[in-house]
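Below: one structure, written as structure tokens.
The values are calculated or read from the model by the stated rules, or taken from the named source; none is laboratory data. What you see is a predicted model, and the numbers here were worked out from it, not measured in a lab. Here the Cβ positions follow ideal geometry from the backbone for every residue, glycine too, while neighbour counts run over all protein chains shown. What goes into the accessible areas is simple: the full protein's heavy atoms, side chains included, and nothing from ligands, DNA or RNA. Shrake-Rupley method; radii C 1.70, N 1.55, O 1.52, S 1.80 Å.
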Amino acid sequence: ADLVQRLDASDPSSLTVSGSAVTLWEDADGRSADATPTVGSALYPGGTAFPTGLVGVDFGAGKNILEMFNSSEADALFDFQGAAAGNHGFTIGFTMIIDDLSAGTMHIIGNQHTLGKISIQVSGSGRLMFKTNNGLEFTGPAIAENEAVAVIISYEAESGSVTLWNSK
């Protein structure tokens, strides 16, 4: 499988900010698969450090969004009934710290295009959720507030199986 995008906040040179608002997050592997703001302001550096001392991008409690793929790129990756029909699936990995679960369901990663829609969310109780536009919905292990956690989500298109894993 090909790596499509790698966003790495441990390299501050990959982030362009205005004040502390992220205006561009460059693909660390140079493929120009950059993330750009679409709603609100994601902030860098984030206020909470990982145990390693590194900080990430803070998406806050509001709906602050960086677009990772445009609609046609999302379809090519996630629309298994159309543009991505020849793909075998995908794996998404990321690390995060959620400071406050009281705001209710938070969208962590996703896109809103009709065909290639996916959503990775965390519920107000800390449950990790994965949803697709064709009705697939999977719930994984809970995540606690203020814990650094690595998350991997794998989707196998032929069987429709999903694996949700976190490091806790």
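Counting only the backbone N, which residues of the stretch 78-97 are under 20 Å from the spot 7 Å out from the Cα of Arg6 toward its beta-carbon?
90-96, by backbone N distance to the label point.
Please label the shape of the stretch 1-68 as rounded, prolate or oblate, based on the square roots a ≥ b ≥ c of the eigenvalues of the alpha-carbon gyration tensor (a/c under 1.5 means rounded; beyond that, a/b larger than b/c means prolate, else oblate).
Here the stretch 1-68 falls in the oblate category.
Rounded, prolate or oblate for the chain? Axes are the square roots of the Cα gyration tensor eigenvalues, ordered a ≥ b ≥ c, and the cut-off for rounded is a/c under 1.5.
Oblate, because a/c is 1.5 or more while a/b does not exceed b/c.
Suppose R0 equals 22 Å. What FRET efficiency, 1/(1 + (r/R0)^6) with r the Cβ-Cβ distance, do Asp100 and Ala150 give to the nearest 0.05?
After rounding, the FRET efficiency stands at 0.65.
By the gyration tensor of its Cα atoms, with a ≥ b ≥ c the square roots of the eigenvalues, what is the shape of the stretch 49-102: rounded for a/c under 1.5, prolate for a/b over b/c, or oblate?
Prolate shape, in that a/c is at least 1.5 and a/b is the bigger ratio.
Give the accessible surface of the chain per residue, rounded to a whole number of Å², with probe radius 1.4 Å and ligands, DNA and RNA excluded.
Result: 54 Å² per residue.
Which longest run of the chain has no exposed loop site in it, a site being GluC sites (Glu not before Pro) in a DSSP loop with at most 14 other beta carbons within 10 Å, and the site itself not part of the run?
The segment 1-144 is the longest one with no such site.
Which distance in nm do the two modelled labels at Thr48 and Ser123 give, with both placed 7 Å along the Cα-to-Cβ direction?
So the label points at Thr48 and Ser123 sit 2.0 nm apart.
Quick check: at a probe of 1.4 Å, how many percent of the accessible area of the chain sits on carbon and sulfur atoms?
51 percent
Largest first, how would Ile92, Ile118 line up by accessible area (1.4 Å probe)?
Greatest to least solvent exposure: Ile92, Ile118.
How about Lys131: which aspartates and glutamates have a C-alpha closer than 16 Å to its C-alpha, ignoring those fewer than 8 places off in the same chain?
Correct list for Lys131: Asp75, Asp79, Glu156.
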